[in-house]
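Below is one structure, written out as structure tokens; comments come after it.
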Amino acid sequence: MDEKKNVKTKVILYILLFIVAFIILFPYVWIFLTSLKTAGDITCYPPKFIFDASWDNYKSLFEKSQTGAAASTLNFSRYYLNSLIIAGFGTLLSLIIGFGAGYALTRAKFKKESTRESVAFTLISFWFGPELAIILPLYIFFNKLGLLDNHLALILAYQLIGIPFTIWLSRSFFSDVPVSVEESSRIDGYTAFQTFWKITFPMVKSGLAATAILTFIFEWNNFLFALVIGGRNTMPVTTGALGFISYEAALWGQMAAAIILSSIPQLIIAMFAQKNMARGLTFGAVKG
Amino acid sequence: MYRLEVKNISKNFGKTTAVRNLSFDCKEGETITLLGPTGAGKTTTLRCLAGLEELTSGNIYLDGKNISNIPPNHRKLAMFFENYALYPHMTVRENIAYPLRAPGRRKEFNEEKINKKIEEITELLQISELLDRKPTELSGGQKQRTALGRTLVRKPKVFLLDEPIAHLDAVLRHRMRGEMKSIFKKLKCTVIYVTHDYREALSIGDRILIIKKGELVQLGNAEDIWSRMNNIFVAKLAGDPPINIFKGILHRGEGNFEVELKKQKTNIVFESKKENLKEWEEKEIFLGVRPNNMTISTIKKPNSINGTLSAVEAMSSSYEITVSISEGKMIKIKSKINFKDLLNKQIWVNIDSERIHLFNYQNGESIYHGRIL
């Protein structure tokens, strides 16, 4: 009886999982198929599921002399590099500042205990406002500094996303480390910094890794800041992909190929970090 | 072996005072236990000594040197935390080696020396076979030993221990109580030991410091605390079941004194040559009698109180007997004999009048102690 019931629940579970996976993966698979089609196959109706697959779209992304008016101005490998620079350094800066601030916010002594929560809430509230609300002042700000179309400007702008997020998330991990463990290390003969490095950091490692990955993904995916503050030299893949649609033609195939390529870093990171992610994000929740 | 002097230390947290003007000194190789109820300021005192809390006022001297403003990593003290505070990502071996690998001790200890030290201490604590386990794989007793090992492995000037055996089960606690004392003597340590259990305090401490609301109430050896307590607070704190307290009036008889217990309609007669009792004559006082200084009989004897035997509980080596006397008041008696057949019957509780204690009715200060033990 029990075994039958088990099989039944398992079947239902797998059907549900399949539906969820289908909904999530369908657009991705569709884009991947599109990236392998020729321009004719993409637009034909009804859609073709059997076609002559080719990597031409991918190849053309990296060829200097591209055909078609729209493509002549595109430089995909440059966009890719820009994305890596901006999101990479942006994440690094967010982590350095965010982890430090998150730790300080967890451990610092406040005169009034409510101040701690007020500060934390103010920081996370940066996330509540729409990006559009600050994009104009931000544009004027960087324009005055002469930093438009500059990698540094984008890295700094991304901190508006990265720092509140890293502070908020890392704070929850740091607060799971018992104070007495750190105090014990101090008495055992270590300075505050050595204690952080030898005791606190190893204990929150997986949580911080999860934070780092999510920060990178948020920064890599940002569109609006890149569109307004970025320019020809600093265009990342998110805004770069727009270039495939122009007055003359829409290069759907190349655009799809660009999108697939731009999602690769996130996929790789997510695969490697899956274990850490799951552990890190549930670290606080299930502690005994 | 080192000497620790604490002079008038106070610690405030905002408007609340956790430790108030506390002074004591701990001689070389001496063990002082800090005893007090929950929230008395025992742990805060220990944290002040360790340097984890900044003093509001006062000074701490170690071998005559003022260490009040020295950070904890340079104080040369070792501390045991009530929750063990083991490093969860390290094995037992790494946990114990951690203080030896501290930057300040690198020259003193190479890997070979560290291993030898670990071997020594784990053998003493009988945890040699656990060296490669992580703290999550240890039982409560093993965690406690590991934490103790980490505290004892380097030879610090003073050991600070915060409730080191409070969370162990009864059997292990009893065994560790004895072991701790012998370990301290073997290593010739100067120890400050915090506990809320009077048995632990009295058995482990060379001297016991009793603290209430951050203030020192009494500092003395086990005999002082047990038989020459300063006030009712100490009398009630040490003793299980606690001391029985009666309200009475002191009278002078012929060559002796009498405590008249109005509610119990009886007089307790005792002899004393102490001069100071004069000033308490005809005044209200509290009479204190320890449960083990009372016996039960079925006939009336001198110095006895009438009551109903309402409960008998078997303890490890004796019986704890509850007798209800006038107006719903209960008294506790410790006895070797099981009086179960007298349950719910009228009996007489005889007070050993040579071993009574008298306290000031106004402030609970002690005014008279009978014979010791």
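What follows is calculated from the coordinates using simple rules that are stated; it is not laboratory data. As the structure is a prediction and not an experimental result, all values here were calculated from the model. As a convention, Cβ positions derive from the backbone with ideal geometry for all residues, glycine included, and neighbour counts pool all protein chains shown.
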*How do the peptides B:23-34, B:54-65, A:11-22 rank, highest first, by the average count of neighbouring beta carbon atoms within 10 Å per residue?*
B:23-34, B:54-65, A:11-22
*Residue farthest toward the positive end of the dipole of the protein assembly as shown, with Cβ of Lys/Arg at +1 and Asp/Glu at -1: which of A:23, B:139, A:145?*
B:139
*Using a 10 Å cut-off on Cβ atoms, rank the peptides A:257-270, B:174-187, B:209-222 from the highest mean neighbour count down.*
B:209-222, A:257-270, B:174-187
_Please enumerate, by chain and number, the aspartates and glutamates with C-alpha under 15 Å from the C-alpha of residue A:10, excluding those fewer than 8 residues away in the same chain._
A:2
*Can you spot the aspartates and glutamates whose alpha carbon is less than 17 Å from residue B:116's alpha carbon? Ignore those fewer than 8 places along the same chain.*
B:94, B:108, B:129, B:132
*By how many degrees, 0 to 90 and rounded to 10, does the Cα axis of helix B:170-186 deviate from the longest principal axis of chain B?*
60 degrees
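Checking the table B:7/B:188; B:265/B:301; B:76/B:188 against a 19 Å threshold on Cα-Cα, which pairs fail? Working shown, then result.
On the way: B:7/B:188 24 Å; B:265/B:301 14 Å; B:76/B:188 16 Å.
From the list (B:7/B:188; B:265/B:301; B:76/B:188), the Cα-Cα distance tops 19 Å for B:7/B:188.
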_Additional length obtainable on full extension of the chain from residue A:10 to residue A:39, 0.36 nm per residue less Cα span_ = 6.2 nm
*³J(HN,Hα) across region A:86-93 via Karplus (A = 6.51, B = -1.76, C = 1.60, θ = phi - 60°), whole Hz, x for Gly/Pro?*
5, 5, x, 5, x, 5, 4, 5
*Describe numerically, in nm with one decimal, the distance between label points set 7 Å from Cα along Cα→Cβ at residue B:129 and at residue B:199.*
2.8 nm
*With a ≥ b ≥ c taken as the square roots of the eigenvalues of the C-alpha gyration tensor of region B:68-208, please select rounded if a/c is under 1.5 and otherwise prolate if a/b is larger than b/c or oblate if it is not?*
oblate
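Can you give the Rg to Rh ratio for region A:2-61, taking only C-alpha atoms and Rh from Kirkwood?
Numbers: Rg = 18.1 Å, Rh = 14.2 Å.
Checking Rg against Rh, the ratio lands at 1.27.
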*Go through B:172, B:85, B:337 and say which Cα lies farthest out towards the positive end of the charge dipole of chain B; charges sit on Cβ, +1 for Lys and Arg, -1 for Asp and Glu.*
B:85
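What is the gain in length, in nm to one decimal, between residue B:283 and residue B:345 on full extension, counting 0.36 nm per residue of separation less the C-alpha to C-alpha distance?
Values: separation 62, 0.36 × 62 = 22.32 nm, distance 3.40 nm.
Extra length available between residue B:283 and residue B:345 comes to 18.9 nm.
Given +1 on the Cβ of Lys and Arg, -1 on the Cβ of Asp and Glu, and no further charges, what dipole in debye does the protein assembly as shown carry about its Cα centre, rounded to the nearest 20? Please list the in-between numbers first.
Working: 83 positive and 61 negative charges, 214 e Å.
Result for the protein assembly as shown is approximately 1020 debye, rounded to the nearest 20.
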*asked:* Straight-line reach only, C-alpha to C-alpha below 16 angstrom: list the aspartates and glutamates that residue B:42 could link to, leaving out same-chain residues fewer than 8 apart.
replied: B:25, B:53, B:54, B:82, B:162, B:163, B:197, B:200, B:215
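Tell me whether chain A comes out rounded, prolate or oblate; compute the Cα gyration tensor, take square roots of the eigenvalues as a ≥ b ≥ c, and use a/c under 1.5 as the rounded threshold. Could you put the intermediate results ahead of the total?
Numbers: a/c = 2.56, a/b = 1.37, b/c = 1.87.
Oblate is the answer for chain A, as a/c is 1.5 or above yet b/c matches or exceeds a/b.
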*Among B:264, B:237, B:306, whose Cα lies farthest out toward the positive end of the dipole of chain B, if unit charges sit on the beta carbon of Lys, Arg (+1) and Asp, Glu (-1)?*
B:237
*Take every residue in peptide B:83-90, count the Cβ atoms of other chains within 10 Å of its Cβ, and give the average of those counts.*
6
*asked:* Please compare each pair in B:157/B:212; B:213/B:273; B:283/B:340; B:273/B:336 to a cut-off of 29 Å on the Cα-Cα distance and tell me which ones are over it.
replied: B:213/B:273; B:283/B:340; B:273/B:336
_What are the ³J(HN,Hα) couplings of region A:222-230, residue after residue, when phi is run through the Karplus curve with 6.51, -1.76, 1.60 and θ = phi - 60°? Round to Hz, x for glycine and proline._
5, 10, 5, 4, 5, 5, 8, 8, x
*Residues with amide H under 5 Å of residue B:368's amide H, sequence separation 5 or more or different chain, H placed in the peptide plane at 1.01 Å from N; which?*
B:358
*Short version: ³J(HN,Hα) in whole Hz for each residue of region B:47-60, in order, from phi by Karplus 6.51 cos²θ - 1.76 cosθ + 1.60 (θ = phi - 60°), x for Gly and Pro, what are they?*
5, 5, 4, 6, x, 7, 10, 7, 6, 6, 7, x, 9, 10
*Can you tell me the 0 to 90 degree angle between the C-alpha axis of helix A:201-221 and the longest principal axis of chain A, rounded to 10?*
30 degrees
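Please compute the average number of Cβ atoms from other chains found within 10 Å of each residue's Cβ in peptide A:174-181. Provide the component values of the computation, followed by the final result.
Details: counts 0, 0, 0, 1, 6, 3, 9, 7.
Shielding by partners across A:174-181 averages 3.
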*asked:* Starting from 0.36 nm per residue, how many nanometres of slack lie between residue A:77 and residue A:97 once their C-alpha separation is accounted for?
replied: 4.2 nm
*Cα-based helix-to-principal-axis angle, B:111-125 vs chain B, degrees rounded to 10*: 20 degrees
*Given the rule -39500 (n - 2.57) for each run of at least 4 DSSP H residues, summed and divided by the residues of chain B, what is its mean residue ellipticity at 222 nm, to the nearest 500 deg cm²/dmol?*
-6000 deg cm²/dmol
*Return the distance in nm (one decimal) between the two label points of a simple spin-label model at residue B:21 and residue A:140, each offset 7 Å from Cα along Cα→Cβ.*
6.3 nm
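Taking the mean number of other Cβ atoms within 10 Å as a proxy for protection, how do you rank B:190-201, B:256-267 from highest to lowest?
Values: B:190-201: 22.8, B:256-267: 17.1.
Final packing ranking: B:190-201, B:256-267.
Can you compute the helix-only [θ] at 222 nm over chain A? Use -39500 (n - 2.57) per DSSP H run of at least 4 residues, normalise by all residues, nearest 500 deg cm²/dmol. Mind dumping the intermediate values first?
Details: 13 runs with 203 residues, N = 288.
After summing the helix terms and dividing by residue count, I get -23500 deg cm²/dmol.
If you count, for every residue in A:188-198, the Cβ atoms of partner chains within 10 Å of its Cβ, what is the mean?
Values: counts 18, 17, 8, 7, 3, 0, 3, 1, 0, 0, 6.
Rounded to a whole number, the mean comes out at 6.
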_Spin-label proximity, residue B:306 to region B:313-349 - amide N less than 16 Å from point 7 Å beyond Cα toward beta carbon_ = B:324-329, B:345-349
*asked:* If I take every Cα pair under 8 Å that is 6 or more residues apart in chain B, average their sequence separation and divide by the length, what percent do I get for the relative contact order?
replied: 15 percent
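With an 8 Å Cα cut-off and a minimum separation of 6 or more residues, compute the relative contact order for chain A in percent.
Numbers: 295 pairs, mean separation 84.9, N = 288.
Computed value for chain A: 29 percent relative contact order.
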